[in-house]
Amino acid sequence: MVNAKHLATFVLGAAAGVALNKYLQTEEGEKALADLKIKAGQFKDEAEQAIDKAPEYFEKLKTEVGAALKDSFPDVEAFLQELFGKAKVATETPAAEEPKA
């Protein structure tokens with residue numbers, strides 16, 4: 001159902017589009033559009049550089065966090081190996097047992 005609110009929204013959107021089109025056809029509008037294109041290109045380049053650096057960043061982060069944990073909690077590595085080692089043994093034990101006939 002189309003009511004007055006929807007119709008007004010459509011008309012305002014169309015008017016804004018016409019006004020933007022007229023502005024972009026002026027010399028000032030063309031300059032603004034060119035500046036926008038330049039900024040978009042710069043943003044794209046920065047995003048591509050960030051994507052290229054991401055694996056190195058996360059590897060560095062993993063190393064630094066690991067070192068910080070070892071410094072703060074020196075026994076955490078042995079605890080985690082014991083914890084996960086026991087969990088691994090616990091999950092493997094039922095599969096290793098054969099059912100009795």
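Please work out which residue is surrounded by the most Cβ atoms within 10 Å (Cβ to Cβ), limiting yourself to segment 1-27 and to residues that are assigned to a loop (DSSP other than H, G, I, E, B) and of a type in the set (A, V, I, L, M). So that I can check it myself, show each step before the final result.
Of the residues in segment 1-27, the ones assigned to a loop (DSSP other than H, G, I, E, B) are 1-3, 25-26.
Right, trim to of a type in the set (A, V, I, L, M) and you get 1-2.
Values: Met1: 3, Val2: 7.
Across segment 1-27, the extreme among qualifying residues is Val2.
Consider only pairs whose beta carbons are under 9 Å apart and that are at least six residues apart or on different chains; among these, list those whose first residue lies in segment 62-87 and is surrounded by fewer than 10 Cβ atoms within 10 Å (Cβ to Cβ) and whose second residue is in a helix (DSSP H, G or I) and of a type in the set (Lys, Arg).
Every condition considered, no pair remains.
Laboratory data are not the source of any read-out in this text; all were calculated from the coordinates shown. Every value quoted in this text rests on a predicted model; they were computed, and no experiment measured them. Quick reminder, even Gly has a Cβ in these numbers, built from the backbone with ideal geometry, and neighbours come from all protein chains shown.
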